[in-house]
Amino acid sequence: MTGSVFWILVLLATVTSLGTAWALGANSNSPPFAPAIGANAISTMRAAFLIGILAALGALAQGGSISETVGAGLIDGVAITSLAATAGLLTATAFMAFGVYTGYPVPAAFATTGAMVGVGLSLGGAPALDTYRRIATFWALVPPVSGTLAYLTATVLRRDDIPETVSVPLLAGVVGAIVANVRLSVIPAPSGAQNSVAGFVAGVAGAPPVAGVDPAVVVVTLLFGVVSFQYIRRRTQQSVDKGVKTFLVVLGSVVAFSSGGSQVGLATGPLENLYGTELGLPGIVLSVLGAVGILGGAWMGAPRLLQATSREYAQLGIRRSIAALVPGFIIAQLAIELGIPISFNNIIISGVIGGGLAGGSAGVSRRKIGVTLAFWLLTLVTSVAIGFGVYRAFATLLGV
(Lines give C-alpha, C1' and ligand atoms only; values in the text may rest on other atoms or scores of the structure.)
Protein backbone atom coordinates (compact mmCIF):
# COMPACT_ATOMS: atom_id res chain seq x y z
CA MET A 1 0.00 0.00 0.00
CA THR A 2 1.51 3.31 -1.07
CA GLY A 3 1.89 6.24 1.27
CA SER A 4 -0.82 8.28 -0.44
CA VAL A 5 -3.33 5.42 -0.26
CA PHE A 6 -2.52 4.90 3.42
CA TRP A 7 -3.18 8.54 4.29
CA ILE A 8 -6.38 8.56 2.27
CA LEU A 9 -7.53 5.55 4.30
CA VAL A 10 -6.51 7.29 7.54
CA LEU A 11 -8.59 10.30 6.54
CA LEU A 12 -11.55 8.14 5.48
CA ALA A 13 -11.45 6.09 8.68
CA THR A 14 -11.24 9.25 10.79
CA VAL A 15 -14.17 10.90 9.01
CA THR A 16 -16.23 7.73 9.29
CA SER A 17 -15.42 7.48 13.00
CA LEU A 18 -16.50 11.08 13.48
CA GLY A 19 -19.71 10.36 11.59
CA THR A 20 -20.41 7.33 13.75
CA ALA A 21 -19.78 9.34 16.92
CA TRP A 22 -22.06 12.09 15.58
CA ALA A 23 -24.86 9.58 14.99
CA LEU A 24 -24.41 8.13 18.49
CA GLY A 25 -24.51 11.62 20.00
CA ALA A 26 -27.68 12.47 18.11
CA ASN A 27 -29.54 9.24 18.82
CA SER A 28 -28.20 7.02 21.62
CA ASN A 29 -27.64 9.80 24.16
CA SER A 30 -31.11 11.37 23.98
CA PRO A 31 -33.19 9.08 26.28
CA PRO A 32 -31.64 10.23 29.60
CA PHE A 33 -33.17 13.72 29.49
CA ALA A 34 -36.44 12.80 27.78
CA PRO A 35 -38.33 12.23 31.09
CA ALA A 36 -37.14 15.60 32.44
CA ILE A 37 -38.34 17.35 29.28
CA GLY A 38 -41.65 15.48 29.40
CA ALA A 39 -42.12 16.66 33.01
CA ASN A 40 -41.26 20.27 32.02
CA ALA A 41 -38.22 20.19 34.32
CA ILE A 42 -35.89 21.46 31.58
CA SER A 43 -36.24 22.88 28.09
CA THR A 44 -35.36 20.88 24.98
CA MET A 45 -32.49 23.13 23.90
CA ARG A 46 -30.98 23.28 27.37
CA ALA A 47 -31.22 19.49 27.61
CA ALA A 48 -29.50 19.08 24.23
CA PHE A 49 -26.73 21.42 25.38
CA LEU A 50 -26.21 19.44 28.61
CA ILE A 51 -26.35 16.09 26.80
CA GLY A 52 -23.56 17.19 24.48
CA ILE A 53 -21.33 18.43 27.30
CA LEU A 54 -21.97 15.50 29.65
CA ALA A 55 -21.75 12.77 27.00
CA ALA A 56 -18.50 14.28 25.66
CA LEU A 57 -17.06 14.39 29.18
CA GLY A 58 -18.11 10.77 29.69
CA ALA A 59 -16.40 9.84 26.43
CA LEU A 60 -13.17 11.50 27.58
CA ALA A 61 -13.24 10.14 31.13
CA GLN A 62 -14.63 6.63 30.62
CA GLY A 63 -14.52 5.64 26.96
CA GLY A 64 -11.14 3.89 26.94
CA SER A 65 -12.07 0.40 28.15
CA ILE A 66 -14.80 -0.29 25.61
CA SER A 67 -12.74 1.31 22.84
CA GLU A 68 -9.92 -1.15 23.58
CA THR A 69 -12.31 -4.11 23.51
CA VAL A 70 -13.81 -3.10 20.17
CA GLY A 71 -10.42 -2.28 18.65
CA ALA A 72 -8.29 -5.17 19.89
CA GLY A 73 -10.31 -7.63 21.94
CA LEU A 74 -12.68 -9.11 19.37
CA ILE A 75 -10.12 -10.87 17.15
CA ASP A 76 -6.94 -12.77 18.01
CA GLY A 77 -3.78 -12.97 15.92
CA VAL A 78 -4.14 -9.85 13.77
CA ALA A 79 -4.22 -6.09 14.23
CA ILE A 80 -7.02 -4.00 12.74
CA THR A 81 -5.51 -2.08 9.82
CA SER A 82 -6.65 1.28 8.49
CA LEU A 83 -8.51 -0.47 5.66
CA ALA A 84 -10.17 -2.90 8.05
CA ALA A 85 -11.15 -0.06 10.40
CA THR A 86 -12.71 1.82 7.48
CA ALA A 87 -14.62 -1.26 6.33
CA GLY A 88 -15.88 -2.00 9.84
CA LEU A 89 -16.97 1.56 10.56
CA LEU A 90 -18.72 1.93 7.21
CA THR A 91 -20.59 -1.32 7.81
CA ALA A 92 -21.69 -0.35 11.32
CA THR A 93 -22.66 3.17 10.24
CA ALA A 94 -24.71 1.79 7.36
CA PHE A 95 -26.65 -0.40 9.81
CA MET A 96 -27.30 2.56 12.12
CA ALA A 97 -28.39 4.74 9.18
CA PHE A 98 -30.75 1.97 8.07
CA GLY A 99 -32.25 1.86 11.55
CA VAL A 100 -32.79 5.64 11.65
CA TYR A 101 -34.30 5.68 8.15
CA THR A 102 -36.63 2.69 8.58
CA GLY A 103 -37.44 3.02 12.27
CA TYR A 104 -36.25 -0.50 13.04
CA PRO A 105 -34.44 -0.89 16.40
CA VAL A 106 -30.85 -1.38 15.21
CA PRO A 107 -28.55 -1.55 18.27
CA ALA A 108 -25.26 0.24 17.64
CA ALA A 109 -23.29 -2.14 19.88
CA PHE A 110 -24.50 -5.21 17.99
CA ALA A 111 -23.80 -3.65 14.59
CA THR A 112 -20.31 -2.43 15.51
CA THR A 113 -19.29 -5.62 17.32
CA GLY A 114 -20.49 -7.78 14.45
CA ALA A 115 -18.82 -5.60 11.82
CA MET A 116 -15.46 -5.64 13.61
CA VAL A 117 -15.63 -9.40 14.08
CA GLY A 118 -16.37 -9.75 10.36
CA VAL A 119 -13.47 -7.59 9.18
CA GLY A 120 -11.16 -9.27 11.68
CA LEU A 121 -12.04 -12.71 10.37
CA SER A 122 -11.60 -11.42 6.82
CA LEU A 123 -8.10 -10.26 7.80
CA GLY A 124 -7.29 -13.85 8.75
CA GLY A 125 -7.69 -13.47 12.51
CA ALA A 126 -9.03 -16.08 14.90
CA PRO A 127 -12.26 -15.67 16.89
CA ALA A 128 -11.70 -14.39 20.45
CA LEU A 129 -14.05 -16.96 21.93
CA ASP A 130 -13.49 -16.02 25.57
CA THR A 131 -14.37 -12.40 24.79
CA TYR A 132 -17.46 -13.50 22.86
CA ARG A 133 -18.63 -15.57 25.82
CA ARG A 134 -18.21 -12.63 28.20
CA ILE A 135 -20.05 -10.25 25.87
CA ALA A 136 -22.83 -12.74 25.06
CA THR A 137 -23.37 -13.50 28.75
CA PHE A 138 -23.58 -9.80 29.60
CA TRP A 139 -25.94 -9.07 26.70
CA ALA A 140 -28.18 -11.99 27.67
CA LEU A 141 -28.34 -10.77 31.27
CA VAL A 142 -29.14 -7.15 30.42
CA PRO A 143 -32.90 -7.58 29.74
CA PRO A 144 -33.73 -9.60 32.87
CA VAL A 145 -31.45 -7.55 35.14
CA SER A 146 -32.62 -4.19 33.77
CA GLY A 147 -36.23 -5.32 33.85
CA THR A 148 -35.94 -6.62 37.42
CA LEU A 149 -34.23 -3.47 38.70
CA ALA A 150 -36.86 -1.33 36.98
CA TYR A 151 -39.65 -3.46 38.43
CA LEU A 152 -38.25 -3.10 41.96
CA THR A 153 -37.71 0.64 41.50
CA ALA A 154 -41.21 1.21 40.16
CA THR A 155 -42.68 -0.93 42.96
CA VAL A 156 -41.01 1.23 45.60
CA LEU A 157 -42.21 4.41 43.89
CA ARG A 158 -45.78 3.10 43.67
CA ARG A 159 -46.12 2.01 47.31
CA ASP A 160 -48.68 4.10 49.19
CA ASP A 161 -46.94 3.48 52.54
CA ILE A 162 -43.68 5.01 51.25
CA PRO A 163 -44.20 8.71 50.49
CA GLU A 164 -42.35 10.29 47.57
CA THR A 165 -40.48 12.45 50.09
CA VAL A 166 -38.74 9.19 51.07
CA SER A 167 -38.76 6.96 47.99
CA VAL A 168 -37.30 9.49 45.55
CA PRO A 169 -34.50 10.60 47.95
CA LEU A 170 -33.67 6.93 48.59
CA LEU A 171 -33.11 6.40 44.87
CA ALA A 172 -31.01 9.57 44.78
CA GLY A 173 -28.92 8.16 47.64
CA VAL A 174 -28.31 4.94 45.70
CA VAL A 175 -27.24 6.89 42.62
CA GLY A 176 -24.94 9.10 44.72
CA ALA A 177 -23.30 6.08 46.34
CA ILE A 178 -22.59 4.58 42.92
CA VAL A 179 -21.18 7.88 41.63
CA ALA A 180 -18.61 7.79 44.45
CA ASN A 181 -17.23 4.55 42.98
CA VAL A 182 -17.31 5.45 39.28
CA ARG A 183 -13.80 5.19 37.81
CA LEU A 184 -12.62 8.21 35.84
CA SER A 185 -9.45 8.77 33.83
CA VAL A 186 -8.98 12.20 35.42
CA ILE A 187 -8.60 10.70 38.91
CA PRO A 188 -5.09 9.23 39.36
CA ALA A 189 -4.50 5.74 40.69
CA PRO A 190 -1.23 4.24 42.01
CA SER A 191 -1.18 1.74 39.14
CA GLY A 192 -1.73 4.46 36.56
CA ALA A 193 -5.22 3.21 35.75
CA GLN A 194 -8.52 4.98 36.29
CA ASN A 195 -9.66 5.63 39.82
CA SER A 196 -12.83 6.68 41.65
CA VAL A 197 -13.34 9.38 44.26
CA ALA A 198 -13.77 6.69 46.92
CA GLY A 199 -10.67 4.84 45.71
CA PHE A 200 -8.59 8.02 45.63
CA VAL A 201 -9.58 8.99 49.17
CA ALA A 202 -8.84 5.44 50.34
CA GLY A 203 -5.38 5.65 48.78
CA VAL A 204 -4.65 8.93 50.52
CA ALA A 205 -6.02 7.73 53.87
CA GLY A 206 -4.06 4.47 53.73
CA ALA A 207 -6.32 2.75 56.26
CA PRO A 208 -5.85 -1.04 56.54
CA PRO A 209 -8.71 -3.12 55.09
CA VAL A 210 -11.20 -4.77 57.43
CA ALA A 211 -12.42 -8.20 56.27
CA GLY A 212 -11.13 -7.34 52.80
CA VAL A 213 -13.07 -4.05 52.65
CA ASP A 214 -11.39 -0.65 52.73
CA PRO A 215 -13.18 1.42 55.41
CA ALA A 216 -12.37 4.68 53.64
CA VAL A 217 -14.22 3.48 50.52
CA VAL A 218 -17.24 2.61 52.66
CA VAL A 219 -17.19 6.01 54.40
CA VAL A 220 -16.94 7.99 51.14
CA THR A 221 -19.65 5.86 49.52
CA LEU A 222 -22.00 6.42 52.46
CA LEU A 223 -21.16 10.13 52.50
CA PHE A 224 -22.07 10.56 48.83
CA GLY A 225 -25.26 8.59 49.39
CA VAL A 226 -26.30 10.61 52.43
CA VAL A 227 -25.57 13.97 50.77
CA SER A 228 -27.57 12.97 47.68
CA PHE A 229 -30.43 11.71 49.85
CA GLN A 230 -30.55 14.89 51.92
CA TYR A 231 -30.39 17.20 48.91
CA ILE A 232 -33.34 15.58 47.11
CA ARG A 233 -35.13 15.08 50.44
CA ARG A 234 -35.11 18.82 51.12
CA ARG A 235 -36.33 19.54 47.59
CA THR A 236 -39.21 17.07 47.87
CA GLN A 237 -40.19 18.41 51.30
CA GLN A 238 -40.43 21.90 49.85
CA SER A 239 -42.46 20.57 46.92
CA VAL A 240 -42.82 16.97 45.75
CA ASP A 241 -43.13 18.17 42.16
CA LYS A 242 -39.98 20.31 42.45
CA GLY A 243 -38.04 17.49 44.11
CA VAL A 244 -39.00 14.92 41.48
CA LYS A 245 -38.12 17.30 38.65
CA THR A 246 -34.74 18.02 40.25
CA PHE A 247 -34.04 14.30 40.54
CA LEU A 248 -35.02 13.78 36.89
CA VAL A 249 -32.46 16.39 35.80
CA VAL A 250 -29.74 14.95 38.07
CA LEU A 251 -30.53 11.38 36.98
CA GLY A 252 -30.55 12.43 33.32
CA SER A 253 -27.15 14.05 33.80
CA VAL A 254 -25.41 11.00 35.27
CA VAL A 255 -27.04 8.70 32.71
CA ALA A 256 -26.00 10.97 29.82
CA PHE A 257 -22.45 10.96 31.17
CA SER A 258 -22.52 7.14 31.38
CA SER A 259 -24.02 6.89 27.91
CA GLY A 260 -21.13 8.88 26.44
CA GLY A 261 -18.61 6.66 28.20
CA SER A 262 -20.30 3.46 27.08
CA GLN A 263 -21.05 4.48 23.47
CA VAL A 264 -17.97 6.37 22.28
CA GLY A 265 -15.88 3.20 22.09
CA LEU A 266 -18.15 1.96 19.31
CA ALA A 267 -16.91 4.84 17.14
CA THR A 268 -13.27 5.02 18.27
CA GLY A 269 -12.49 1.35 18.95
CA PRO A 270 -11.81 0.41 15.30
CA LEU A 271 -9.11 3.11 15.18
CA GLU A 272 -7.21 1.91 18.28
CA ASN A 273 -4.44 0.13 16.34
CA LEU A 274 -4.32 2.75 13.59
CA TYR A 275 -3.91 5.72 15.94
CA GLY A 276 -1.94 4.04 18.71
CA THR A 277 0.43 1.72 16.82
CA GLU A 278 0.62 2.85 13.20
CA LEU A 279 0.48 6.61 13.86
CA GLY A 280 1.99 6.50 17.36
CA LEU A 281 -0.50 8.99 18.80
CA PRO A 282 -1.45 9.11 22.50
CA GLY A 283 -4.80 7.66 23.52
CA ILE A 284 -6.21 11.07 24.42
CA VAL A 285 -6.26 12.01 20.72
CA LEU A 286 -8.73 9.23 19.94
CA SER A 287 -10.82 10.10 22.99
CA VAL A 288 -11.02 13.73 21.90
CA LEU A 289 -12.03 12.64 18.38
CA GLY A 290 -14.92 10.61 19.75
CA ALA A 291 -15.93 13.32 22.22
CA VAL A 292 -16.04 15.96 19.48
CA GLY A 293 -18.24 13.74 17.31
CA ILE A 294 -20.65 12.99 20.17
CA LEU A 295 -20.78 16.67 21.16
CA GLY A 296 -21.61 17.74 17.60
CA GLY A 297 -24.26 15.05 17.22
CA ALA A 298 -25.94 15.97 20.49
CA TRP A 299 -26.01 19.69 19.74
CA MET A 300 -27.07 19.36 16.11
CA GLY A 301 -29.23 16.25 16.03
CA ALA A 302 -30.58 15.65 19.54
CA PRO A 303 -33.21 18.44 19.83
CA ARG A 304 -35.59 16.94 17.28
CA LEU A 305 -35.25 13.44 18.72
CA LEU A 306 -35.65 14.78 22.26
CA GLN A 307 -39.01 16.30 21.40
CA ALA A 308 -40.25 12.95 20.12
CA THR A 309 -38.84 10.81 22.94
CA SER A 310 -40.02 13.26 25.62
CA ARG A 311 -43.59 12.74 24.46
CA GLU A 312 -43.13 8.98 24.76
CA TYR A 313 -41.74 9.30 28.29
CA ALA A 314 -44.51 11.71 29.25
CA GLN A 315 -46.98 8.97 28.30
CA LEU A 316 -45.03 6.48 30.43
CA GLY A 317 -45.28 8.68 33.51
CA ILE A 318 -42.58 9.95 35.86
CA ARG A 319 -42.35 6.81 38.02
CA ARG A 320 -41.88 4.48 35.08
CA SER A 321 -39.38 6.85 33.48
CA ILE A 322 -37.27 6.93 36.64
CA ALA A 323 -37.56 3.15 36.89
CA ALA A 324 -36.14 2.81 33.37
CA LEU A 325 -33.21 5.22 33.85
CA VAL A 326 -31.88 4.00 37.21
CA PRO A 327 -31.02 0.52 35.82
CA GLY A 328 -29.60 2.24 32.73
CA PHE A 329 -27.09 4.10 34.86
CA ILE A 330 -26.12 1.03 36.90
CA ILE A 331 -25.73 -1.36 33.95
CA ALA A 332 -23.89 1.19 31.78
CA GLN A 333 -21.33 1.75 34.53
CA LEU A 334 -20.91 -2.00 35.00
CA ALA A 335 -20.36 -2.45 31.26
CA ILE A 336 -17.74 0.32 31.24
CA GLU A 337 -15.97 -1.30 34.20
CA LEU A 338 -15.88 -4.65 32.36
CA GLY A 339 -15.07 -3.14 28.95
CA ILE A 340 -18.16 -4.60 27.28
CA PRO A 341 -19.86 -2.76 24.39
CA ILE A 342 -23.58 -2.39 25.05
CA SER A 343 -26.71 -1.07 23.42
CA PHE A 344 -28.12 1.68 25.60
CA ASN A 345 -31.52 1.33 23.96
CA ASN A 346 -31.49 -2.37 24.93
CA ILE A 347 -31.17 -1.36 28.59
CA ILE A 348 -33.82 1.36 28.40
CA ILE A 349 -36.37 -0.79 26.56
CA SER A 350 -35.92 -3.58 29.10
CA GLY A 351 -36.31 -1.05 31.92
CA VAL A 352 -39.50 0.36 30.41
CA ILE A 353 -40.98 -3.13 30.22
CA GLY A 354 -39.94 -3.99 33.79
CA GLY A 355 -41.33 -0.71 35.12
CA GLY A 356 -44.59 -1.36 33.31
CA LEU A 357 -44.96 -4.78 34.91
CA ALA A 358 -44.95 -3.13 38.33
CA GLY A 359 -48.19 -1.43 37.31
CA GLY A 360 -49.77 -4.64 36.08
CA SER A 361 -48.98 -4.28 32.38
CA ALA A 362 -45.76 -3.97 30.43
CA GLY A 363 -47.35 -1.57 27.99
CA VAL A 364 -45.45 -3.24 25.15
CA SER A 365 -46.93 -5.96 22.99
CA ARG A 366 -45.36 -9.40 22.89
CA ARG A 367 -45.17 -9.10 19.12
CA LYS A 368 -43.16 -5.86 19.38
CA ILE A 369 -40.80 -7.45 21.90
CA GLY A 370 -40.34 -10.48 19.65
CA VAL A 371 -39.70 -8.34 16.56
CA THR A 372 -37.16 -6.24 18.49
CA LEU A 373 -35.24 -9.28 19.77
CA ALA A 374 -35.27 -10.90 16.33
CA PHE A 375 -33.96 -7.74 14.73
CA TRP A 376 -31.17 -7.47 17.29
CA LEU A 377 -30.01 -11.01 16.50
CA LEU A 378 -30.37 -10.40 12.78
CA THR A 379 -28.26 -7.24 13.09
CA LEU A 380 -25.48 -9.13 14.87
CA VAL A 381 -25.32 -12.01 12.39
CA THR A 382 -25.64 -10.00 9.19
CA SER A 383 -23.16 -7.34 10.31
CA VAL A 384 -20.51 -10.07 10.68
CA ALA A 385 -21.17 -11.32 7.15
CA ILE A 386 -21.34 -7.86 5.59
CA GLY A 387 -18.23 -6.64 7.44
CA PHE A 388 -16.37 -9.71 6.14
CA GLY A 389 -17.53 -9.04 2.57
CA VAL A 390 -16.89 -5.28 2.62
CA TYR A 391 -13.29 -5.72 3.72
CA ARG A 392 -12.68 -8.42 1.07
CA ALA A 393 -14.13 -6.12 -1.59
CA PHE A 394 -11.94 -3.20 -0.48
CA ALA A 395 -8.84 -5.40 -0.28
CA THR A 396 -9.45 -6.80 -3.75
CA LEU A 397 -10.10 -3.35 -5.21
CA LEU A 398 -6.87 -1.92 -3.73
CA GLY A 399 -4.82 -5.07 -4.35
CA VAL A 400 -3.94 -5.53 -0.67
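The values are calculated or read from the model by the stated rules, or taken from the named source; none is laboratory data. Since this is a predicted model, take the numbers as computed values, not measurements. Note that we place each Cβ from the backbone using ideal geometry, even for glycine, and neighbour counts take in every protein chain shown. Ligands, DNA and RNA are excluded from the accessible area calculation, which covers all protein heavy atoms including side chains. Shrake-Rupley method; radii C 1.70, N 1.55, O 1.52, S 1.80 Å.
Modelled spin-label separation between Leu279 and Ala385, with each label point placed 7 Å from Cα along the Cα-to-Cβ direction: 3.4 nm. Placing dummy labels 7 Å off each Cα toward the beta-carbon, the span from Val78 to Leu378 is 2.8 nm.
In the neighborhood of Ser65, defined by Cβ-to-Cβ distances under 12 Å, what is the net charge if each Lys or Arg adds +1 and each Asp or Glu adds -1? Net of charged neighbours comes to -2. Computed from Cα positions, the angle between helix 318-338 and the longest principal axis of the chain comes to roughly 50 degrees. Could you state the angle between the C-alpha long axis of helix 344-357 and the longest principal axis of the C-alpha atoms of the chain, as a value from 0 to 90 degrees rounded to the nearest 10? Compared with the principal axis, the helix lies near 30 degrees.
Axis of helix 82-102 versus longest Cα principal axis of the chain: the two differ by about 50°, to the nearest ten degrees. 3J(HN,Hα) along region 117-123, derived from phi through the Karplus expression 6.51 cos²θ - 1.76 cosθ + 1.60 where θ = phi - 60°, amounts to 5, x, 5, x, 5, 5, 6 Hz, with x in place of Gly and Pro.
Tell me whether region 55-191 comes out rounded, prolate or oblate; compute the Cα gyration tensor, take square roots of the eigenvalues as a ≥ b ≥ c, and use a/c under 1.5 as the rounded threshold. Judged from the Cα gyration tensor, region 55-191 comes out prolate (a/c at least 1.5, a/b above b/c). In this structure, the amide hydrogen of Leu184, modeled 1.01 Å from its nitrogen in the peptide plane, lies closer than 5 angstrom to those of Asn195, Ser196, counting only residues at least 5 positions away or on a different chain. Residues of region 155-177 with amide nitrogen under 17 Å from the 7 Å Cα-to-Cβ point of Val218? In region 155-177, the label zone of Val218 (backbone N under 17 Å from the point 7 Å along Cα→Cβ) covers 177.
Is the C-alpha gyration tensor of region 180-254 telling us rounded, prolate or oblate? Criteria: a/c under 1.5 is rounded; beyond that, a/b larger than b/c is prolate, otherwise oblate. Oblate is the answer for region 180-254, as a/c is 1.5 or above yet b/c matches or exceeds a/b.
A full extension of the chain between Asp130 and Val5 corresponds to an added length of 41.5 nm, given 0.36 nm per residue minus the alpha carbon distance.
Using a ≥ b ≥ c from the Cα gyration tensor of region 199-318 (square roots of the eigenvalues), is it rounded, prolate or oblate, where a/c under 1.5 gives rounded and otherwise the larger of a/b and b/c decides, a/b for prolate? Note, shape of region 199-318 comes out oblate. Per residue, the accessible area of the chain comes to 43 Å² when a 1.4 Å probe rolls over the protein heavy atoms. Across Tyr101, Tyr275, the residue with the most accessible area heads the list, and the full order at a 1.4 Å probe is Tyr101, Tyr275.
Using the Karplus relation 6.51 cos²θ - 1.76 cosθ + 1.60 with θ = phi - 60°, the per-residue 3J(HN,Hα) values for region 42-52 come to 7, 6, 4, 5, 5, 5, 4, 4, 5, 4, x Hz, with x marking Gly and Pro.
The modelled label-to-label distance between Asp241 and Ala193, using points 7 Å beyond Cα along the C-beta direction, is 4.8 nm.
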